[in-house]
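Colleague: First the structure, then my questions, so here it is.
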Number of protein chains: 2
Amino acid sequence: MAQHPIELLINKADSAINAEDFDTLIDIYAENAVLVVKPGMNVIGKEQIKKAFIAIAAYFEHSLDVTQAGLEILESGDTALVLAKTKVSANNQPPLERKATYVFQHFAQKGWLCVIDNSYGHDLLEHTQ
Amino acid sequence: MAQHPIELLINKADSAINAEDFDTLIDIYAENAVLVVKPGMNVIGKEQIKKAFIAIAAYFEHSLDVTQAGLEILESGDTALVLAKTKVSANNQPPLERKATYVFQHFAQKGWLCVIDNSYGHDLLEHTQ
């Protein structure tokens, strides 16, 4: 079965994160996208997201490796919800699996772009409530 | 702190589900909204969603009680991702808590409406992969 264009974008983003190719990485985000850097800390917009990923790469000692272990996409018109099992490993921490939640939107010129990137899923609720 | 308009809509939806007031319930959905009835079974559009909720009410022997135990909203422009802990109880099953995931969109005339309703969250991935 052909891969959904959003799945291809997520694969591209993972490769870009792992290669620290931040210009390619931010190409998949919409102008006003929101990234949950960690529970309680969000950044908005492509430039802030790029800075956050540069900091994240340093935090993980340039050894971050992100892959998807499962993906489900629910579409409604120009909006799609992505539920993913994301595997994260790095030299300085034990490997972990996150239940990531992304929202993509389809734009007339640019196709699908990520508008909300929350790789922590429901762990946000543990932080805030 | 004032409640987010989406939180008010979700409370309204819960009350409508519990009261089996399906006309009020489908008012919070967009025309082309997607509802995950159960993992592997989705319905699209207000009329199909109404029919699904009528069937769900019968399945739970008209004793369904839905409440939110926690809610986090991430907004990007006209799109919002909602992560909720949803408590579901009924006479014919033990109470359970679901990690629900909703997407709302803001429309010029109608305000916020639900476009994707997935009360199963990442449980979908257990079903499909």
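The values are calculated or read from the model by the stated rules, or taken from the named source; none is laboratory data. Keep in mind the model is a prediction, meaning the values are calculated, not measured. Positions of Cβ are backbone-derived with ideal geometry, glycine not excepted, and every protein chain shown enters the neighbour counts. Note: accessible area is taken over every heavy atom of the protein model, side chains too, but ligands, DNA and RNA are not part of it. Shrake-Rupley method; radii C 1.70, N 1.55, O 1.52, S 1.80 Å.
Colleague: May I ask you to verify whether residue B:89 is open to solvent by less than 80 Å² (accessible area, probe 1.4 Å), more than 12 Å from chain A (Cβ to nearest Cβ) and not β-branched (Val, Ile, Thr)?
Modeller: Criteria met by residue B:89.
Colleague: Among the listed residues B:69, B:30, which satisfies the condition of being within 14 Å of another protein chain (Cβ to nearest Cβ), crowded, with 21+ Cβ neighbours inside 10 Å and of a type in the set (Gly, Ala, Ser)?
Modeller: B:30
Colleague: Then there is this: If you go through region A:107-128 one residue at a time, do you hit one that is in contact with a Cys (Cβ under 9 Å, 6 or more places away or on another chain), crowded, with 16+ Cβ neighbours inside 10 Å and on the phi < 0 side of the Ramachandran plot?
Modeller: Let us first name the residues in region A:107-128 that are in contact with a Cys (Cβ under 9 Å, 6 or more places away or on another chain), namely none.
No, region A:107-128 has no match at all.
Colleague: When you check residue B:51 against the structure, is it basic (Lys, Arg), in contact with a Phe, Trp or Tyr (Cβ under 8 Å, 6 or more places away or on another chain) and surrounded by fewer than 16 Cβ atoms within 10 Å (Cβ to Cβ), yes or no?
Modeller: no
Colleague: Every residue in region B:91-102 that is part of a strand (DSSP E or B) and either at pLDDT below 95 or in contact with a Pro (Cβ under 8 Å, 6 or more places away or on another chain) (or both), please. Outline the logic, then answer.
Modeller: Keep residues of region B:91-102 that are part of a strand (DSSP E or B), which gives B:93-102.
The answer is B:93, B:94, B:95, B:96, B:97, B:98, B:99.
Colleague: Now a separate question. Does residue B:64 satisfy the condition of being open to solvent by less than 50 Å² (accessible area, probe 1.4 Å), closer than 24 Å to residue B:20 by Cα and away from every other protein chain (no Cβ under 14 Å)?
Modeller: Here the answer is yes, as residue B:64 does meet what is asked.
Colleague: Could you tell me whether residue A:105 is among the polar types (S, T, N, Q) and modelled with pLDDT under 95?
Modeller: Against the criterion (among the polar types (S, T, N, Q) and modelled with pLDDT under 95), residue A:105 does not qualify.
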